[in-house]
1. Mind checking whether some residue in region 155-171 is farther than 22 Å from Leu108 by Cα, surrounded by 11 or more Cβ atoms within 10 Å (Cβ to Cβ) and in contact with a Phe, Trp or Tyr (Cβ under 9 Å, 6 or more places away or on another chain)?
2. Which condition does Val194 not pass, out of (1) outside any helix (DSSP H, G or I); (2) surrounded by 13 or more Cβ atoms within 10 Å (Cβ to Cβ), if it passes all the others?
3. Quick check on region 177-186. Is at least one of its residues touching a helix residue (DSSP H, G or I) at 6+ places or on another chain (Cβ under 9 Å) and assigned to a helix (DSSP H, G or I)?
4. Quick one: how many residues across region 64-89 are in contact (Cβ under 8 Å) with a residue 12 or more places away in the chain and farther than 14 Å from Val47 by Cα?
5. Can you find even one residue in region 123-141 that is part of a helix (DSSP H, G or I) and among the hydrophobic types (A, V, I, L, M, F, W, C)?
6. Are there any pairs, at least 6 apart or on different chains, whose C-beta atoms fall under 9 Å, with the first in region 8-35 and among the hydroxyl-bearing types (Ser, Thr, Tyr) and the second assigned to a loop (DSSP other than H, G, I, E, B) and surrounded by 14 or more Cβ atoms within 10 Å (Cβ to Cβ), and if so, which?
7. Any idea which of Arg157, Arg218, Arg250, Arg237 is assigned to a loop (DSSP other than H, G, I, E, B) and either over 17 Å from the mean Cα position of the chain (by Cα) or under 28 Å from Glu112 (Cβ atoms) (or both)?
8. In this structure, does Glu77 turn out to be in contact with a strand residue (DSSP E or B) (Cβ under 8 Å, 6 or more places away or on another chain), under 25 Å from Gly178 (Cβ atoms) and among the acidic types (Asp, Glu)?
Amino acid sequence: MVTELVPPVWGEAYVPLRNTALVRALADLPAGYQKVVELGCGAGRYVRTIKRLRPEIEAHGADLSDEAVALAKSYPEKVSYRVADLTALPYGAGEFDTVLVFDVLEHLRQPELGVREIHRVLRPGGVAHLLVPCEGQPLTLHWLMWKLNLAADLKERHGWHVQRFTRASVAALLQSEGFQIVHASYSMHPIGQVRDVLTYLEREEWVRRWHLNTLPYRLLMRLLWPLAYAESSLLSRVSSWAVVAHLTCRRDEA
């Protein structure tokens, strides 16, 4: 088993119904009864929100953190949770109709092992929906900071991101493991990237030491949130300058 670097427990409460990742996953989730698993679910906020909205599905969640899974189990929704490493899942081959993965592959030292396991547990012809940050994508703010070496490791230190995917590298990875991308949309365009970087800068010691987290700054962050949401909604089909890819894939029939 390959142990991966993971952040502290996340995923409490529920996902707002207008959340971009939730809306796009639901849009591509097949109708009717099916067996669905979210891998790397943390404390389960996405999968239990989806279960609330789609009560007919059989919902499962898996996460590497014992603490996160214990917290997930404390919520009332009928979701079956297991402690599991994405690179060595305890599920049978072809066990699920749909696999959901939000913000996970960038945390894996060997993401191909995770994608291989997603393929294994998904039935032939089944659907995988993935949200993947592509922070190595040229002409994005994250890419520019990396190239200029300006807080280039910010998201690795505070967000545990150990991969700098591009859209092309993610597509190649999925296709090499037997997936066909059938639908793609995008989010976190320039305004969203500014807000994302500022969110992680808040965690820097020098920001706290110099008390830069002031009222004007907080007002700016509150303003950027609806602007970033509107930007992602309007530009969902525009890949240029976007960091996040929302990919719906179909597993090969073999």
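The values are calculated or read from the model by the stated rules, or taken from the named source; none is laboratory data. Everything numeric in this text was worked out from a predicted model, so none of it was measured. Note that we place each Cβ from the backbone using ideal geometry, even for glycine, and neighbour counts take in every protein chain shown.
1. So far as region 155-171 goes, no, none of its residues is farther than 22 Å from Leu108 by Cα, surrounded by 11 or more Cβ atoms within 10 Å (Cβ to Cβ) and in contact with a Phe, Trp or Tyr (Cβ under 9 Å, 6 or more places away or on another chain).
2. Single failed check for Val194: (1).
3. The answer is no, given that none of the residues of region 177-186 is touching a helix residue (DSSP H, G or I) at 6+ places or on another chain (Cβ under 9 Å) and assigned to a helix (DSSP H, G or I).
4. Within region 64-89, residues that are in contact (Cβ under 8 Å) with a residue 12 or more places away in the chain and farther than 14 Å from Val47 by Cα number 11.
5. Checked region 123-141: at least one residue is part of a helix (DSSP H, G or I) and among the hydrophobic types (A, V, I, L, M, F, W, C).
6. Once the first residue is among the hydroxyl-bearing types (Ser, Thr, Tyr) and sits in region 8-35, its partners that are assigned to a loop (DSSP other than H, G, I, E, B) and surrounded by 14 or more Cβ atoms within 10 Å (Cβ to Cβ) give Tyr14/Tyr75; Thr20/Met188; Thr20/Ser236; Tyr33/Ile57.
7. It is Arg237.
8. Spelling it out, it is not the case that Glu77 is in contact with a strand residue (DSSP E or B) (Cβ under 8 Å, 6 or more places away or on another chain), under 25 Å from Gly178 (Cβ atoms) and among the acidic types (Asp, Glu).
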